[in-house]
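First comes the structure, then the notes that go with it.
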């Protein structure tokens, strides 16, 4: 596989609250977008990525089938959730911090993705497809056909129903994808997806198909050109 | 004809040692205000506690409805906050000219003024102005009082005694509610009781809760010892020092920060010690982020605005508010050493509270909630759960429940600005009724009734009325290839709550029915008010 990743502060924020971890050898990729004052967002996403990575790297070789990998991924998100809650308990400045978290394990021609929050995973073959569901109240109400999208109050699109370390508990969501050679997988924070549509992302990925590093730079550049209102983080993997 | 509206100037001290004092002027008058100290010639002398007020501070030239104010040779100047579209600070310089300008900048920030402007000689006061001298704030109201013969007959309002809930409407008939103090909302018997206890209670005996040292002289330095008699706790300097832990900022706004207590979502709460009086307080400080975020700041200020007027034995009492040197907002409220019902549920009761005690706490909280729902513009709390119901011991050592954390509270009549917090679920999902998920902004008192019903269910059983997926269950489901259900789906869906008798078969049928009526998903089948729910469970309390 080929991998490229990068995190950019964007054009409006004073600090970068996103964190990324990529381990090609083990096939583990993690992205987190933190929230909370006093640099707590940075602490939350950093801690979540570290906790989840440690948990995954220690168990990934032993996990043999989809069910075991699923349990491993779930356990990693719970570990991150508990780690942040514990930290927030002992450090008042960190109270109320939380993060989104999307973790992916690539094993035996399959991508296993587990997430909580609104950081996304995409799959690109001929078409681009969003794998993860955003855990926001707006998405929830629309998905359950409780409200039409244009009737959803704007703030509901940003109200997270799940956030690692922040909400009471989390119910991480799992997705599994069979991979073919040439498939691309993208993990990203909402700093990218709030600035670029799925089609715009697809265009950039296809334009720089031969060089993942350029593709990552291209996505960040376009998001910044469109306003760069939040931190922008991208992990791009090509399956060979 | 003698029936023309009569102009009247009303000055109300809304903050400071002389808070709640009112002066009314219907005729031409000159009124000098200053601090009570040797050499003062003031007609009204503010408490010597407010050292920043000069002995002769300002002069009012009154000819209702007109009123002009001059600085009367004060040291620090006289300030007027005016809301007229935007908020502007006007100031009349005192003797220390440079200090006055610095102080104007500071006060302008404190009152969120868009600009500040020096006025020479005198300023004409307008209705709604706030006069700030020292730590004292005086509200100016200029009204045209309509003679009784011209007054419309208003619909009769119903008032209850805040202690015993007896109807006291007839006693308050014809009185201007806005001018009444909390004592006016007591029935005759409760007033008598209060007087007797005031006489018999050793007013001078303010005792350190740690070592029982007499703190009578320090405790009343701000003149509020009586007002906070049954509420405030005190520590002497030695006891306070011994409890001190390492905190980021050890002193703020006259308070010594002792240790962290927790977090209220957008503020950090500390246990603090009021240096002047020895009073123990909960000091809630906004996060750095809040002062940069208008939405959160509005929410914090709204919490302060609501809390500072609430006077009820089962609601947490606000003492003070202000801005730190770093320009962070804070407010100071009653310290409740026993923590919250959530804390006690595990520590004291091992996960389940006997139903009699649980009903006792919840009935008290519902009493406070009922007052809150009917308070002024009528509010809803929107975030009731065991974590936001606090406990303290009364004079006899019995625990008393008090509702706190009004951060999500909102008037359900005034549909003002929307301030749902971005990026975070508003309220705790397990305690939310369906209508709060659909339409967070349009909730009614019955929303709070639902949350109190879930709270009572949870206190008694240690569980929730729905089978929300636990972690173990989630992992089990993965093993059999099933997908878990989201709690929101359970709340919004057709799922019926698990009858409480299934968990506690011996529970009184009447109490079980009352709890299930409170947690009805259909609002029309739920108790309409906190009062109704309270009446239904009170008989089971012990």
Exercise. Search segment A:7-46 for residues being within 21 Å of residue A:240 (Cβ to Cβ) and surrounded by fewer than 17 Cβ atoms within 10 Å (Cβ to Cβ), and hand back the single one that is nearest to the chain's Cα centre (by Cα).
Key: A:23
Quiz item: Any idea which of (1) more than 15 Å from residue A:103 (Cβ to Cβ); (2) within 12 Å of another protein chain (Cβ to nearest Cβ) is the one residue A:87 doesn't satisfy?
Solution: (2)
Quiz item: For residues in segment B:451-490 being surrounded by fewer than 19 Cβ atoms within 10 Å (Cβ to Cβ) and touching a residue at least 40 places away in the same chain (Cβ under 8 Å), which is farthest from residue B:522 (Cα to Cα)?
Solution: B:462
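For (1) crowded, with 20+ Cβ neighbours inside 10 Å; (2) free of Cβ contacts under 8 Å to residues at least 40 places away in the same chain; (3) in a strand (DSSP E or B), each residue gets a yes or a no:
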| site | (1), (2), (3) |
| --- | --- |
| B:69 | yes, no, yes |
| B:75 | no, yes, no |
| B:108 | yes, yes, no |
| B:127 | no, yes, no |
Exercise. Would you mind telling me which numbered condition in (1) away from every other protein chain (no Cβ under 14 Å); (2) in contact with a helix residue (DSSP H, G or I) (Cβ under 9 Å, 6 or more places away or on another chain); (3) not in a loop (DSSP other than H, G, I, E, B) residue B:240 fails?
Key: (2)
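Which one of these is within 22 Å of the chain's Cα centre (by Cα) and at pLDDT below 70: B:287, B:292, B:279?
Working: B:292 fails: within 22 Å of the chain's Cα centre (by Cα); B:279 fails: at pLDDT below 70.
Exactly one of B:287, B:292, B:279 is within 22 Å of the chain's Cα centre (by Cα) and at pLDDT below 70, namely B:287.
Inside segment B:243-261, can you point out the residues that are in a strand (DSSP E or B) and touching a residue at least 40 places away in the same chain (Cβ under 8 Å)? Give the derivation first.
We begin by selecting, within segment B:243-261, every residue in a strand (DSSP E or B); these are B:251-252, B:255-261.
Passing the criteria: B:252, B:255.
Look at residue A:49 and say whether it is closer than 20 Å to residue A:186 by Cα and modelled with pLDDT of 95 or more. Give the derivation first.
Values: closer than 20 Å to residue A:186 by Cα: yes; modelled with pLDDT of 95 or more: yes.
Yes, satisfied.
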Self-check item: Selected residue (criterion: farthest from the other protein chains (Cβ to nearest Cβ)) from residues of segment A:173-200 that are in contact with a helix residue (DSSP H, G or I) (Cβ under 9 Å, 6 or more places away or on another chain) and over 28 Å from residue A:10 (Cα atoms)
Solution: A:176
Quiz item: Of the residues that sit in segment A:137-171 and are in contact with a strand residue (DSSP E or B) (Cβ under 6 Å, 6 or more places away or on another chain) and more than 8 Å from every other protein chain (Cβ to nearest Cβ), which one is farthest from residue A:121 (Cα to Cα)?
Solution: A:165
Exercise. For segment A:73-105, enumerate the residues that are buried (at least 22 other Cβ atoms within 10 Å of the Cβ) and out of contact with any helix residue (DSSP H, G or I) (no Cβ under 9 Å at 6 or more places or on another chain).
Key: A:102
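So which strands (runs of 3 or more DSSP E) are wholly in segment B:295-407 and hold at least 1 residues that are within 12 Å of the chain's Cα centre (by Cα)? Give the derivation first.
On the way: elements: B:318-323, B:329-334, B:389-393, B:399-403.
It comes to B:318-323, B:329-334, B:399-403.
For residue A:210, are the conditions met, namely being more than 14 Å from chain B (Cβ to nearest Cβ), part of a loop (DSSP other than H, G, I, E, B) and either modelled with pLDDT under 95 or more than 30 Å from residue B:483 (Cβ to Cβ) (or both)? Can you show your working first?
On the way: more than 14 Å from chain B (Cβ to nearest Cβ): yes; part of a loop (DSSP other than H, G, I, E, B): yes; either modelled with pLDDT under 95 or more than 30 Å from residue B:483 (Cβ to Cβ) (or both): yes.
Here the answer is yes, as residue A:210 does meet what is asked.
The values are calculated or read from the model by the stated rules, or taken from the named source; none is laboratory data. Owing to the predicted nature of the structure, the values given are computational and were not obtained by experimental measurement. Positions of Cβ are generated from backbone atoms using ideal geometry, with glycine treated the same way; all protein chains shown enter the neighbour counts.
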